[in-house]
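A.B. asks: One structure is given below, represented as C-alpha cells, and several questions about it will come after.
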Amino acid sequence: MIQRTPIADAFTYVLMVLGFILLIGPFIVILAGASQTLQQINSVPFHFLPQDRFLENASAAWSRANLGTAMTNSLIMACLVTFGKVALSACTAFAIVFFRTPLKHLFFWMVFITLMLPLEVRVVPTYAVAADLFEPFRLLISALTGTEISVEWNLLNSYAGLTLPLIATATGTFLYRQFFMTLPDELAEAARMDGSGPVRFFVDMLMPLSRTNMLALTTIMFVYGWNQYLWPLLMITDPTYKTTMMSLGALLPSENSLPDWNVTLAGSLIIMAPPLIVVAVLQRWFVRGLVATEK
Amino acid sequence: MNKVSKMADIDIRAVRKSYGKTQTLHGVDLCFASGEFVVILGPSGCGKSTLLRMIAGLEEITAGEIAINRRVVNRLEPRERGCAMVFQNYALYPHMTVAQNIGYALKVASVPKVERERRIKETAKVVGLCEYLTRKPAALSGGQRQRVAMARAIIREPKVFLFDEPLSNLDAKLRVTMRAEIRKLHQRLSATSIFVTHDQVEAMTLADKLVVMNKGHVEQVGQPLDIYHRPASVFVASFIGSPAMNLFDTRVEVDTASVRIGAAQVPIDPALAARLRGRDLTIGIRPEQCVVLPDGGRVPAKIDFIEELGSGRVVHAEMGDQTFAAVIGEHVNVRAGDRIGLELPSSQLHFFDRDSGRRIDMEINSSVPQQVAGASTLAIAH
C-alpha cells in the first residue's frame, strides 16, 4: 500500500494486532497454564497470567512421560536428520550443478520427483523396506539362481531406521542448487586452474560460501526432524527409542483421572523448547540464507 | 626452477571445436614461440576465448592437437599444463583474503606454510598489493582486484600466462595503466603470454605477435604493424585501425589503368591493372592516408560532418553515394558542408578480391597471407 492515510494506517495496525494475537494466543495459554495449579487451570474463566507452579508441574510431566529418554532420543534423531540432510543436499546439488554428465537431467528429475513423495505418501513401502532390508535382494537371487538365503536385517527400533527415510528427500537440494547456480562459472574454473580437484573445491570454496544457506537449512531441518510423529510411531515399539512426540500422548490426562492439564501444558512447553532455542539462535542466518545470497 | 623451463612454446594444430552440431572453431593452426606476447584479437563470438580456454584445459578439444613445449596436452588436466589464467571478471574467491587468494594454488600444492607466506609477500610486492593482504576482495577497487588476479597467476611461476579480456571491466584510464603493467610484467617474467581481447588498441600496443580471428577462422597472423599496413583480408582491414579503413567496391578499367571511386577515377599501376582485369574488387585506403584539399582535387566530395579528436580531425565526407572518412591536421581549414577534393595516393591503396575477401598483392613471396590462406582452404574444405 503506497498511500498513507490515518484510516489506512489504523486498519493496517488492527490487522497486525489481530494476527499477532492469533499467533501468540495459544502460546500464552500454554505459558500461563503450565505454571498454574490444578484448581487454577480448571477454573472458569481461564486466567491468562502465569503463576509460580511451573517447576512442580514440569517435574511431574518429566517423570510421567519419561521425558529424559524421549528428549535424548528426539535430540539424537533431529540432529542426525539435520546433519544427514544438509550433507546429502549439499552433495547432490554439487553433483547436479557442477558436473556435466549425459544422465544429468535424468538424475535431476529423479531427485525432483522425491519432492512429490513425502514420507506420509510412501510410508507403507518404506516400512516394508525398513522391516526387511534384504527382501528385494533375496527375491532377486532366488528368482535368478533358485537358492534361498536367509539373511535378515531390519532397521526397526534403531536410530538408523528413525532417520534414514527422512533424510532421503530433495527439499534441501533445491535450496543449495539455487545458491550454487548464482556462483559464476569462473570461480570453479579459477579453482581448477589453481590445481584444486572437485572435492577440494567443494570443501574450500562451496562449504564456506554456502554457510548462511547451511544454517538456514539446519534450522528448517531441525524443526522438521524434531516434529516427526507418524514415522517414529510406526517404527518404534521399544520404549527406550520413544521420541517426545510419541510421549505427548502419555501426558494427556486419561478419562478417569484428574484433569491435570497444567502438567500436560508444562510437558508440551518442555518439548517445544529445543526447536524454539534453535530457531532463536539461528534466525539471523535463517532469514539471510533464504532471502539473499551473500556476495 | 631455472629460466628455460619457465618458458614454453605452443603449437596449435588443426584445432576444431564444436558444440553439438555447431562448429565454433574451424581448424586453427598457430605456433607461438617461447616468451612471445601473443594477442588474439577478434569481435565477440569469433572463437578467441574458446581457443584460449582450450589451451588452458577448461574446454575439451573436439579435434586437432595442442602442444605446450612439444608435449601434447589434449588429455591433461589444467593444473598439469603449467598455465595460469587471469579471468575477465577476476574470479577471486570472495570468502578468502587477498593473501589467501594469492596463495591458494600453493596451498593446494601443499607448499609448506613458511615458504607459502614468503612467496605471497614477494608476489604482492611485484603487483603492489602489500598493504591489502588481509582484505577481502569485496573491499578492493576494480584495479586492485585485477592485481590480485594477476598475483594469483604469477605466484605459480607458470610457463604460460593466459589472459581472457582482463581489462574490459576497468575504466578507460585504469585500462591504460594496467596495460602498461601487464607489458612490464611480461618483460620481467618472460613467460609466454596469450592475451585475448576485442580492443584493437590493446592488441596493437601489447602484441609481439597478433592473431586476428573472425567466425572461428584465423584471418591473419603477424606483427601488429605488418597487419596494420598489409591486412590480409577485407575483414582485417575494416577491423584494425580507427577510424576504420575506407572500402569501396569497384572494378579496374584497363584502358585508363585506373579504378573508379564514386564519380572519380584514381590511376593505378598499369601492370597491376592488367593483372586485375575483369575481377570484382574491393579497394581500401586508410583515413590517415587520404589527403584533403580544400580547393578541389582528383576526387570531388562534400563534407558531411567533422569529428574533433584534439590531435587532429576526422572528416566524414560524401562522394556520390559513398561515404568516406579522412584524418586531417588542425591547420586544414574546412567546415561541414564544404566541397573538397580528395587525393588518394595509389601507393596506399589496398586491393582485395571481392568474392573471397582476400588481399591481392603484387609481390609473390608474401609469406604471411599465404600461411593464412592455407588455413582458410583447410577450413573451407571441411
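A.B. asks: Name the residue that is farthest from A:ASP185 (Cα to Cα), counting only residues in region B:82-118 that are more than 14 Å from chain A (Cβ to nearest Cβ) and in contact (Cβ under 8 Å) with a residue 12 or more places away in the chain.
C.D. replies: Taking region B:82-118 as the starting set, the residues that turn out to be more than 14 Å from chain A (Cβ to nearest Cβ) are B:98-99, B:112-115, B:117-118.
Among the residues that remain, those that are also in contact (Cβ under 8 Å) with a residue 12 or more places away in the chain are: B:98-99, B:117.
On the way: B:VAL98: 20, B:ALA99: 22, B:GLU117: 28 Å.
Per the criteria, the residue is B:GLU117.
A.B. asks: Could you go through region A:173-188 and let me know if any residue there is away from every other protein chain (no Cβ under 13 Å) and among the hydroxyl-bearing types (Ser, Thr, Tyr).
C.D. replies: yes
A.B. asks: Here are some conditions: (1) free of Cβ contacts under 8 Å to residues at least 24 places away in the same chain; (2) within 11 Å of B:LEU41 (Cβ to Cβ). B:PHE195 meets all but one. Which one does it not meet?
C.D. replies: (1)
A.B. asks: Given the options B:ALA14, B:ALA33, name the one that is in contact (Cβ under 8 Å) with a residue 12 or more places away in the chain and at positive phi. Talk me through it step by step, then tell me what you get.
C.D. replies: Values: B:ALA33 fails: at positive phi.
Of the residues listed, the single one that is in contact (Cβ under 8 Å) with a residue 12 or more places away in the chain and at positive phi is B:ALA14.
A.B. asks: Let me ask another. Is it fair to say A:PHE108 is modelled with pLDDT of 90 or more and either away from chain B (no Cβ under 13 Å) or in contact with a Gly (Cβ under 9 Å, 6 or more places away or on another chain) (or both)?
C.D. replies: Values: modelled with pLDDT of 90 or more: no; either away from chain B (no Cβ under 13 Å) or in contact with a Gly (Cβ under 9 Å, 6 or more places away or on another chain) (or both): yes.
In short, no.
A.B. asks: Pairs needed: first member in region A:15-29, of a type in the set (D, E, K, R); second member anywhere, surrounded by 10 or more Cβ atoms within 10 Å (Cβ to Cβ) and assigned to a helix (DSSP H, G or I); C-beta distance under 9 Å; at least 6 residues apart or different chains.
C.D. replies: Once the first residue is of a type in the set (D, E, K, R) and sits in region A:15-29, no partner that is surrounded by 10 or more Cβ atoms within 10 Å (Cβ to Cβ) and assigned to a helix (DSSP H, G or I) comes close enough.
A.B. asks: Within region B:261-296, which residues are under 26 Å from B:VAL334 (Cα atoms), modelled with pLDDT of 80 or more and of a type in the set (D, E, K, R)?
C.D. replies: Those that are under 26 Å from B:VAL334 (Cα atoms), modelled with pLDDT of 80 or more and of a type in the set (D, E, K, R): B:ARG286, B:GLU288.
A.B. asks: Could you list, in sequence order, all residues of region A:195-208 that are at pLDDT 90 or above and within 7 Å of chain B (Cβ to nearest Cβ)?
C.D. replies: A:ARG200, A:MET205, A:PRO208
A.B. asks: Need the failing condition index for B:THR123 against (1) away from every other protein chain (no Cβ under 13 Å); (2) without any contact (Cβ under 8 Å) to a residue 24 or more places away in the chain, just the number.
C.D. replies: Here B:THR123 meets the rest and fails (2).
A.B. asks: Just to verify a result, which residue in region A:1-42, among those that are part of a loop (DSSP other than H, G, I, E, B), surrounded by 11 or more Cβ atoms within 10 Å (Cβ to Cβ) and among the hydroxyl-bearing types (Ser, Thr, Tyr), is modelled with the lowest pLDDT? First the steps, then the outcome.
C.D. replies: Initially, region A:1-42 is screened for residues part of a loop (DSSP other than H, G, I, E, B), giving A:1-5, A:34-37.
Narrowing the set further to residues that are surrounded by 11 or more Cβ atoms within 10 Å (Cβ to Cβ) leaves A:34-37.
Narrowing the set further to residues that are among the hydroxyl-bearing types (Ser, Thr, Tyr) leaves A:35, A:37.
On the way: A:SER35: 88, A:THR37: 85.
Here the answer is A:THR37.
A.B. asks: Find the residue count for region B:43-63, including only residues that are in a helix (DSSP H, G or I), within 23 Å of A:ALA191 (Cβ to Cβ) and more than 14 Å from chain A (Cβ to nearest Cβ).
C.D. replies: Filtering region B:43-63 for residues in a helix (DSSP H, G or I) gives B:48-56.
Subsequent filtering for residues that are within 23 Å of A:ALA191 (Cβ to Cβ) retains B:49-56.
If we keep only those that are more than 14 Å from chain A (Cβ to nearest Cβ) as well, we get B:51.
Residues flagged as in a helix (DSSP H, G or I), within 23 Å of A:ALA191 (Cβ to Cβ) and more than 14 Å from chain A (Cβ to nearest Cβ) within region B:43-63 amount to 1.
A.B. asks: For region B:297-382, list the strands (runs of 3 or more DSSP E) that sit wholly inside it and hold at least 3 residues that are in contact with a strand residue (DSSP E or B) (Cβ under 6 Å, 6 or more places away or on another chain) and modelled with pLDDT of 85 or more; which are they? Reasoning before the result, please.
C.D. replies: Working: elements: B:299-308, B:313-319, B:322-328, B:339-343, B:350-353.
Once the strands (runs of 3 or more DSSP E) in region B:297-382 are filtered for at least 3 residues that are in contact with a strand residue (DSSP E or B) (Cβ under 6 Å, 6 or more places away or on another chain) and modelled with pLDDT of 85 or more, what remains is B:299-308, B:313-319, B:322-328, B:350-353.
A.B. asks: Then there is this: Quick check on B:ALA149: is it buried (at least 17 other Cβ atoms within 10 Å of the Cβ), on the phi > 0 side of the Ramachandran plot and either within 14 Å of chain A (Cβ to nearest Cβ) or outside any helix (DSSP H, G or I) (or both)? Talk me through it step by step, then tell me what you get.
C.D. replies: Details: buried (at least 17 other Cβ atoms within 10 Å of the Cβ): yes; on the phi > 0 side of the Ramachandran plot: no; either within 14 Å of chain A (Cβ to nearest Cβ) or outside any helix (DSSP H, G or I) (or both): yes.
No.
A.B. asks: Kindly indicate which of A:PRO275, A:PRO253, A:PRO208 is surrounded by fewer than 22 Cβ atoms within 10 Å (Cβ to Cβ) and touching a Pro at 6+ places or on another chain (Cβ under 8 Å). If you could, list the steps in order and put the result at the bottom.
C.D. replies: Working: A:PRO275 fails: touching a Pro at 6+ places or on another chain (Cβ under 8 Å); A:PRO208 fails: touching a Pro at 6+ places or on another chain (Cβ under 8 Å).
The unique qualifying residue is A:PRO253.
A.B. asks: Which residues, taken from region A:237-257, are in contact (Cβ under 8 Å) with a residue 40 or more places away in the chain, outside any helix (DSSP H, G or I) and in contact with a Ser or Thr (Cβ under 7 Å, 6 or more places away or on another chain)?
C.D. replies: Let us first name the residues in region A:237-257 that are in contact (Cβ under 8 Å) with a residue 40 or more places away in the chain, namely A:237-248, A:250-251.
Cutting the leftovers down to outside any helix (DSSP H, G or I) gives us A:237-238, A:242-243.
A:LYS242, A:THR243 - these are the residues of region A:237-257 that are in contact (Cβ under 8 Å) with a residue 40 or more places away in the chain, outside any helix (DSSP H, G or I) and in contact with a Ser or Thr (Cβ under 7 Å, 6 or more places away or on another chain).
A.B. asks: Next up: Residues that are of a type in the set (Ser, Thr, Tyr): find the helices (runs of 4 or more DSSP H) completely inside region A:133-228 holding 1 or more of those.
C.D. replies: Where helices (runs of 4 or more DSSP H) fall fully within region A:133-228 and carry at least 1 residues being of a type in the set (Ser, Thr, Tyr), they are A:135-145, A:159-167, A:171-182, A:211-226.
A.B. asks: Kindly indicate the residue of region B:64-81 that is part of a loop (DSSP other than H, G, I, E, B) and surrounded by fewer than 21 Cβ atoms within 10 Å (Cβ to Cβ) and also nearest to the other protein chains (Cβ to nearest Cβ) among those meeting that condition.
C.D. replies: Restricting attention to region B:64-81, the residues satisfying the condition of being part of a loop (DSSP other than H, G, I, E, B) are B:69-70, B:73-77, B:81.
Those left that are additionally surrounded by fewer than 21 Cβ atoms within 10 Å (Cβ to Cβ): B:69-70, B:74-77.
Numbers: B:ASN69: 18, B:ARG70: 22, B:ASN74: 16, B:ARG75: 15, B:LEU76: 12, B:GLU77: 8 Å.
Going through the qualifying residues, I end up with B:GLU77.
A.B. asks: Please verify whether A:SER142 is under 22 Å from A:LEU183 (Cα atoms), surrounded by 10 or more Cβ atoms within 10 Å (Cβ to Cβ) and among the small types (Gly, Ala, Ser), treating the condition exactly as stated.
C.D. replies: Details: under 22 Å from A:LEU183 (Cα atoms): no; surrounded by 10 or more Cβ atoms within 10 Å (Cβ to Cβ): yes; among the small types (Gly, Ala, Ser): yes.
No.
A.B. asks: Related question: Taking A:VAL263 and the conditions (1) surrounded by fewer than 20 Cβ atoms within 10 Å (Cβ to Cβ); (2) under 30 Å from A:GLN40 (Cα atoms), which numbered condition does it fall short on, given that it satisfies the others?
C.D. replies: The number of the failed condition is (1).
A.B. asks: Then there is this: Give just the number: which of (1) modelled with pLDDT of 90 or more; (2) surrounded by fewer than 17 Cβ atoms within 10 Å (Cβ to Cβ); (3) under 26 Å from B:ALA33 (Cβ atoms) does B:ASP164 not satisfy?
C.D. replies: Failed condition: (2).
A.B. asks: Among (1) within 23 Å of A:THR92 (Cβ to Cβ); (2) within 14 Å of the chain's Cα centre (by Cα), where does A:SER196 come up short?
C.D. replies: (2)
The values are calculated or read from the model by the stated rules, or taken from the named source; none is laboratory data. Remember, predicted model here, so these are calculated numbers, not experimental data. Because the Cβ atoms are built from the backbone with ideal geometry, glycine has one as well, and the counts that use them run over all protein chains shown.
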